[in-house]
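All of the numbers you see were taken from the coordinates with simple rules; none came from a lab. Predicted model, so just to flag it, every value in this text is computed and none were measured. Here the Cβ is made from the backbone with ideal geometry for all residues, glycine too, and neighbour counts use every protein chain on show.
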Amino acid sequence: MTTVQGTPHDQAIRKARLTKRVTSILVYLALFAFSFTILFPFYWVVRTALTDPALLFGNIRSLVPTDATGVNFLRVMGLFDPQILIEEGATNVSPGRLNFLLFIRNSLIVGITITVGQVFFSATAAYAFARLKFPGRDTLFALYVAGLMIPAIVLFIPNYVLVRELGWINTFAGIIAPSLLMTPFAVFFMRQFFLSLNTSIEEAAILDGATKVGYFTRIALPLVQGPALTLGVLTFILNWNQYLWPFVVGRAEEVRMLTVALSIFRSQTPQGAPDWTGLMAAAALSIIPSVLLFVFLGRRVVDSIQFSGFK
């Protein structure tokens, strides 16, 4: 006689549980492999940055720094004379100094200015496209969003000619101007959230005497602070890491961004081989602002969108 535990129904349940367990294991293995692929290069950057320059190629298979030292971080910040390492026999050390704090300041000026400008102007345009009614609104929005299909490199030369004619080469204005105002993606992104706002809120505010400007600044903007914060984080990181435009327009040291400075620092080694330990130390320091941004604002971005009242 067949026992209860051996019924086809119980066998199906055990098979389903086994399948679920195997699927979960495979998913975790895939996530681990994906995370390892993403994080290992960052670990190798830190490992190289902590390695003694003279011993960089001594044990390249080691997963831990060879004769770990923090001197590379000190010298890229201008706190240690690289000539000392050269005299000690380190042949792949750049004799130049990286004015790290100056370049960090320049990158912060550019990143913060563009972020504030894009978030504000994009939100303003998005509110107009979402809430204001005027002839040709939808057609104008469609034409504007069509700009997403235009490669950024196509606008590179026209922007450069304009900046040169304005005399803004090697100035913060020249670096910032092409990206200061709204972008098609930012306007499209913010418009979707303005469309999701309850119209009864706007009607009630207008009945209470609020103007369109008052409703936008005092009610609509606070309600979309989550999406605006998300857009700000993405915009800051994008402009923090930009290279080609600052390299062409802002090569002067007083306005040089960190990404450009790293490229120039890489080519300063007399022997021709890059100063890998110094370069990796500078690269490790350069990602700290982006990491801090995600650490302190990542949860707030998610929570703000989740509890903003959007359906």
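For this structure, a couple of remarks:
- Taking the average, over residues, of other Cβ atoms within 10 Å as the packing measure, peptides 279-285, 107-113, 261-267, 212-218 rank 279-285, 107-113, 261-267, 212-218 from highest down.
- For A30 and F80, the FRET efficiency from 1/(1 + (r/R0)^6), where r spans their Cβ atoms and R0 equals 51 Å, is about 0.75.
- Helical mean residue ellipticity (222 nm; -39500 (n - 2.57) per DSSP H run of 4+; nearest 500) of the chain: -20500 deg cm²/dmol
- Given +1 at the Cβ of Lys and Arg, -1 at the Cβ of Asp and Glu and no other charges, the dipole of segment 4-87 around its Cα centre is 860 debye to the nearest 20.
- Normalised contact order of segment 66-177, rounded percent, pairs of Cα under 8 Å and 6 or more residues apart: 19 percent
- Shape analysis of the chain places it in the oblate category; the axes a ≥ b ≥ c from the Cα gyration tensor give an a/c of at least 1.5, with a/b not above b/c.
- The HN-Hα couplings worked out from phi for segment 189-196 by the Karplus form 6.51 cos²θ - 1.76 cosθ + 1.60 (θ = phi - 60°) are 4, 6, 4, 4, 7, 5, 5, 7 Hz, whole numbers, x standing for Gly and Pro.
- Stretchable slack from L207 to E165, in nm (0.36 nm times residue separation minus alpha-carbon distance): 10.2 nm
- Here the simple spin-label model places points 7 Å from the Cα toward Cβ, and for R218 and H9 these points are separated by 6.4 nm.
- Ranking F36, I25, I288 by Cα position along the charge dipole of the chain, where only Lys, Arg, Asp and Glu carry charges on their C-beta atoms, puts I25 farthest toward the positive end.
- What you get for the chain, charging only the Cβ of Lys and Arg (+1) and of Asp and Glu (-1), is a dipole of about 1060 debye around the Cα centre.
- Most to least packed among 42-54, 193-205 [average Cβ atoms within 10 Å]: 42-54, 193-205
- A dipole drawn for the chain from +1 and -1 charges on Cβ atoms has a positive end, and of P184, L197, A123 the residue lying farthest that way is L197.
- Inter-label distance for L229 and T37, nm, one decimal - labels placed 7 Å from Cα along Cα-to-Cβ: 3.2 nm
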